[in-house]
Amino acid sequence: MTRTVILGMAASDAHVVANQLIAHSLRSQGFHVVNLGACTSIAEFATAYDEHPDAEAVIIGSLNGHAYEDLQDLPAARADGLLGCPVILGGNLSVGSNKEAADDERFHALGVEMILSDPELLPATLDGFRSPSARPAEVR
């Protein structure tokens, strides 16, 4: 059975090089990647999930530092059952060089299950989501 993930950049983010590299890497490992590309709204992620309800995760990247603002519709989408799989977030998640633990807490409060800074950890993270008893600890 082919494993499916949904991938895209946050709504205000047009950086797609890393997105394409991640998609290529996951495909080379046997994943079916539904790549929504740049500037993807929560509504577009929800539509893709509706079309691929077997998706193991929604993977959202952000390099411009505005992910928090871009994910404001995530709690409502989760509450409405429009995104029923784990949401993984990665990239540069805040503007400026100072990163604080509170930043991660804000994303978790929005409904993000996992925050990754290394895309090479995606396969192991996805494996962990398949096995709740072996669910990975937060990796940063």
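The values are calculated or read from the model by the stated rules, or taken from the named source; none is laboratory data. Note that this is a predicted model, so its numbers are computed, not measured. We place every Cβ from the backbone using ideal geometry, glycine too, and count neighbours over all the protein chains shown. To get the accessible areas, we keep the full protein, side chains included, count just its heavy atoms, and leave off ligands, DNA and RNA. Shrake-Rupley method; radii C 1.70, N 1.55, O 1.52, S 1.80 Å.
Side notes on the structure shown:
- Among the numbered conditions (1) open to solvent by 60 Å² or more (accessible area, probe 1.4 Å); (2) within 15 Å of the chain's Cα centre (by Cα), the only one that Val95 does not meet is (2).
- Checking every residue in the stretch 21-33 against the condition of being open to solvent by less than 10 Å² (accessible area, probe 1.4 Å), closer than 21 Å to Asp118 by Cβ, in contact (Cβ under 8 Å) with a residue 60 or more places away in the chain and not β-branched (Val, Ile, Thr) gives at least one match.
- Among the residues of the stretch 40-64, those identified as at pLDDT 95 or above and in contact with a Ser or Thr (Cβ under 7 Å, 6 or more places away or on another chain) are His52, Asp54, Ala55, Glu56.
- Residues (in a loop (DSSP other than H, G, I, E, B) and either modelled with pLDDT of 95 or more or open to solvent by 40 Å² or more (accessible area, probe 1.4 Å) (or both)) located in the stretch 65-78: His66, Leu71, Gln72, Asp73
- Within the stretch 18-62, the residues that satisfy the criterion of being β-branched (Val, Ile, Thr), assigned to a strand (DSSP E or B) and within 20 Å of His108 (Cα to Cα) are Val58, Ile59, Ile60.
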